[in-house]
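A.B. asks: Can you read through this structure? Questions will come right after.
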Amino acid sequence: MDYLEIEGGNKLSGEITIDGAKNAALPLLAATILFENEVTIENLPRVNDVFTMLRLLENLGASYSYEENTAKINSHYITNTRAIYDIVRKMRASILTLGPLLARFGQCEVSLPGGCAIGQRPIDLHLKALEMMGAEIIIEQGYIRATAPEGLKGATIVFDKITVTGTENIVMAAALAHGESKIINAAKEPEVVQLCQVLNDNGIKIEGIGSDELIIQGTGQKLITAKKPIKVIPDRIEAGTYLCAGAITNSEITLKSVNHTHLFAIILKLQEMGFDFDLSEDSITIKPASKVKGAKITTSEYPGFPTDMQAQFMALALRAQGASLIEEKLFENRFMHVSELIRMGANIILSNYTATVEGKSNLNGADVMATDLRASSALVLAALVANGTTRVHRIYHLDRGYVGLEKKLQQLGAKVKRLKE
Ligand code: UD1
């Protein structure tokens, strides 16, 4: 198993390129199930989750080629409609095949994804919405068995809670349903917006894209024809993580291939903490702060502050002058990084869903354990400013979502090595 060895205390400088967004790539890959012809997807990040989704599609009968961040996927010949446990257990987002498989074939079986480190993460809202569209769903032997022999019917869905993959699943299901569907309280994340735009560009009429109310005209099980290549949007969470790397080391670094309009909440929070920015159409430069101030952070759905950036900002808050208050509103157990940061000398007090983070912490290198994708990146950030050497173990979590993290950090001048246990 690989681990990262990081020597703390270096300033960073220079520029790196941000990859395509994992969370946009996954629903787009799942959406190929809705297409009758080959779909070309460009700017796919080379991360394990993307390869897991490709493997899942292949296991269902799709064929694909992958070269230089571009995949050509042909899901026309899918005949198998069972998403098996062995693949689904590796990645919760495999649940994104449920909506498109059921909409196209009128039946499917998808392994239940199970819990994960950051919380229970139920999928009840996905299932309830599909039932509203006429599906019969039973849970048997760890599988969701869904049937809709006459195809799904358009329906009005009101999500009790905003759910990203839930919205994506239902948008894909509605695309091939019979008649009109309305999704109220839909997620507005840029990744959801891209999925809707792609479907809309390829013949599925969707109104309200980017709002919390989507109206989708289904085709009645007629497959969609892909017209041109799809380019995955830049990864706002990867970009946010590197902005935090610049911030925590108080360095000037530039990120290329970014869409800063997707990063407003992150940039505003960093400005509040004392950092300056130069923004251009597709690049961001973060400038050092004369004094790093503590912050109050509450995670929420887009366009609010993303839960996927909470851990990284906690690492940054350790270096601020003054305390920070970080409230996690989305996932009940998304503070796994706290105990590891404490092992590095952090002073953090947890009370329910709120962490009080003392600033000006003197961090020391240690052996620490990655527990989930974003928690792991917080440990890497803390290691960049810790005294001495930190070894971050179990970095397979990082490989699920960050392309060449150690290479990009090395490019910025950090002392990072990937080694074998
Ligand atoms: C997606 C992202 C993940 C991000 C999260 C929140 C992908 C592949 N993953 O995850 O990186 O952290 O959005 O921005 O895009 N909920 C229910 N019932 C459901 C569905 C969700 O109670 O059926 C709850 C969840 O437990 C959570 C909240 O709703 O408390 C939001 O979760 P959701 O938006 O569904 O997260 P994911 O789509 O799994």
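The values are calculated or read from the model by the stated rules, or taken from the named source; none is laboratory data. Note that the structure is a prediction, hence the values are computed from the model and not measured. Here the Cβ positions follow ideal geometry from the backbone for every residue, glycine too, while neighbour counts run over all protein chains shown. The protein model used for the area step is the full one, side chains on, heavy atoms only, and it has no ligands, DNA or RNA in it. Shrake-Rupley method; radii C 1.70, N 1.55, O 1.52, S 1.80 Å.
A.B. asks: With a cut-off of at most 10 other beta carbons within 10 Å, and DSSP calling the residue loop, which GluC sites (Glu not before Pro) in the range 32-120 qualify? Please list them. Intermediate values should be presented prior to the final figure.
C.D. replies: On the way: sites: GLU36, GLU38, GLU42, GLU58, GLU67, GLU68, GLU109; in loops: GLU36, GLU38, GLU68.
Sparse-neighbourhood loop GluC sites (Glu not before Pro): GLU68.
A.B. asks: Still on this structure, I have one more. By DSSP, what percent of the beta bridges with both residues in the range 298-421 are antiparallel, rounded to the nearest 5?
C.D. replies: Values: 8 of 14 bridges.
Around 55 percent of the beta bridges assigned by DSSP in the range 298-421 are antiparallel ones.
A.B. asks: Hey, another quick one. How do ILE209, ILE349, ILE6 stack up against each other in accessible area, from largest to smallest, with a 1.4 angstrom probe? Intermediate results must be reported in sequence, preceding the final value.
C.D. replies: Working: ILE209 55, ILE349 110, ILE6 0 Å².
Ranking ILE209, ILE349, ILE6 by accessible area, largest first, yields ILE349, ILE209, ILE6.
A.B. asks: Treat every Asp and Glu Cβ in the chain as -1 and every Lys and Arg Cβ as +1, leave all other atoms uncharged, and give the resulting dipole magnitude about the Cα centre to the nearest 20 debye.
C.D. replies: That gives a dipole near 640 debye.
A.B. asks: With both bridge residues required to lie in the chain, what share of the DSSP beta bridges run antiparallel, to the nearest 5%? It would help to have the intermediate numbers written out before the result.
C.D. replies: Details: 54 of 77 bridges.
In the chain, approximately 70 percent of DSSP beta bridges are antiparallel ones.
A.B. asks: Over the range 340-421, give the accessible area per residue in Å² for a 1.4 Å probe, as an integer.
C.D. replies: Ligands and nucleic acids excluded, the figure is 42 Å² per residue.
A.B. asks: In whole angstrom, note down how far apart the Cα centers of the range 39-88 and the range 130-170 are.
C.D. replies: Centre-to-centre (Cα) distance: 22 Å.
A.B. asks: Toward the positive end of the charge dipole of the chain, about the Cα centre and with charges on Cβ (Lys, Arg +1; Asp, Glu -1), which of ILE267, HIS76, ASN200 goes farthest?
C.D. replies: ILE267
A.B. asks: How large are Rg and Dmax for the chain when only the alpha carbon atoms are used, in Å?
C.D. replies: 21.5, 64
A.B. asks: What figure, in Å² to the nearest 10, do you get for the accessible area of ASP308 with a 1.4 Å probe and non-protein molecules left out?
C.D. replies: 30
A.B. asks: What number, rounded to the nearest 500 deg cm²/dmol, is the helix-based mean residue ellipticity at 222 nm of the chain, given -39500 (n - 2.57) per DSSP H run of at least four residues and division by all its residues?
C.D. replies: Working: 14 runs with 130 residues, N = 421.
Per the formula, -9000 deg cm²/dmol.
A.B. asks: Considering the alpha-carbon set of the range 1-108 alone, what are its Rg and its Dmax in angstrom?
C.D. replies: Every Cα atom of the range 1-108 included, Rg and Dmax give 16.7, 57 Å.
A.B. asks: Have a look at VAL158, VAL171, HIS126 and report the one farthest towards the positive end of the charge dipole of the range 112-197, computed about the Cα centre with Cβ charges (Lys/Arg +1, Asp/Glu -1).
C.D. replies: Working it through, the farthest residue towards the positive pole turns out to be VAL158.
A.B. asks: Report the antiparallel proportion of the DSSP beta bridges in the range 130-246 as a percent, rounded to a multiple of 5.
C.D. replies: On the way: 12 of 16 bridges.
So the antiparallel bridges amount to about 75 percent of the total.
A.B. asks: When a/c is below 1.5 the answer is rounded, else prolate if a/b is larger than b/c, else oblate, so apply that to the range 187-239 with a ≥ b ≥ c taken from the square roots of the Cα gyration tensor eigenvalues. Walk me through the numbers on the way to the answer.
C.D. replies: Values: a/c = 3.07, a/b = 1.39, b/c = 2.22.
Cα axes put the range 187-239 in the oblate bin.
A.B. asks: Same structure, new question: What full-extension length gain, to one decimal in nm, is calculated for ASP86 and GLU150 as 0.36 nm per residue of separation minus the Cα-Cα distance?
C.D. replies: Working: separation 64, 0.36 × 64 = 23.04 nm, distance 2.98 nm.
The span from ASP86 to GLU150 would gain 20.1 nm if fully extended.
A.B. asks: In square angstrom, what is the accessible area per residue of the range 193-293 with a 1.4 angstrom probe? Mind dumping the intermediate values first?
C.D. replies: On the way: 4120 Å² over 101 residues.
Averaged over the residues of the range 193-293, the accessible area is 41 Å².
A.B. asks: Taking the Cα centre of the range 276-358 as origin, sum charge times position over the Cβ atoms of Lys and Arg (+1) and Asp and Glu (-1), and report the length of that vector in debye to the nearest 20.
C.D. replies: Working: 8 positive and 11 negative charges, 90 e Å.
Roughly 440 debye, rounded to the nearest 20.
A.B. asks: Here's another thing I want to ask about it. Enter the accessible area of LEU268 (Å², nearest 10), with the probe set to 1.4 Å and all protein chains included.
C.D. replies: Approximately 100 Å² of LEU268 is accessible to the 1.4 Å probe.
A.B. asks: Carbon-plus-sulfur fraction of the accessible area of the range 152-290, 1.4 Å probe, in percent?
C.D. replies: Summing carbon and sulfur atoms, their accessible area is 47 percent of the total for the range 152-290.
A.B. asks: Same structure again: Just add up the charged neighbours of THR298: K/R +1, D/E -1, any other residue whose Cβ is under 11 Å from the Cβ of THR298. Let's see the in-between values first.
C.D. replies: Numbers: positive: LYS269, LYS296, LYS329; negative: GLU327, GLU328.
That sum, taken over residues with Cβ under 11 Å, equals +1.
A.B. asks: Can you put GLU140, GLU327 in order of accessible area, largest first, using a 1.4 Å probe?
C.D. replies: Working: GLU140 85, GLU327 55 Å².
Of GLU140, GLU327, the descending order of accessible area is GLU140, GLU327.
A.B. asks: Top to bottom by accessible area (1.4 Å), largest first, where do SER300, SER376 land? List each step's numbers first, then the result.
C.D. replies: Working: SER300 40, SER376 0 Å².
Reading off the accessible areas and sorting them downward yields SER300, SER376.
A.B. asks: State whether the range 337-421 is rounded, prolate or oblate according to the following rule on the C-alpha gyration tensor (a ≥ b ≥ c being the square roots of its eigenvalues): a/c under 1.5 gives rounded; otherwise a/b larger than b/c gives prolate, and the remaining case gives oblate. Present the calculation step by step, with values, prior to reporting the outcome.
C.D. replies: Values: a/c = 1.96, a/b = 1.46, b/c = 1.34.
Prolate.
A.B. asks: Between GLU38 and GLN271, what's the calculated FRET efficiency when r is the beta-carbon distance and R0 is 41 Å? Round to 0.05. Spell out each step's value before the answer.
C.D. replies: Details: r = 44 Å, r/R0 = 1.08.
E between GLU38 and GLN271, to the nearest 0.05, is 0.40.
A.B. asks: Which whole DSSP H helices in the chain pass both tests: a Cα extent of 15 Å or more along the axis and a mean Kyte-Doolittle value no lower than 1.0?
C.D. replies: On the way: long enough: 48-60 (18 Å, 0.38); 164-175 (17 Å, 0.95); 190-201 (16 Å, 0.30); 236-248 (18 Å, 0.76); 373-385 (20 Å, 1.90).
The answer, listed by residue number, is 373-385.
A.B. asks: Moving on. Of the heavy-atom accessible surface of the range 328-372 (probe 1.4 angstrom), what whole percent is carbon and sulfur? Walk me through the numbers before you get to the answer.
C.D. replies: Working: 1070 of 2220 Å².
C and S atoms contribute 48 percent here.
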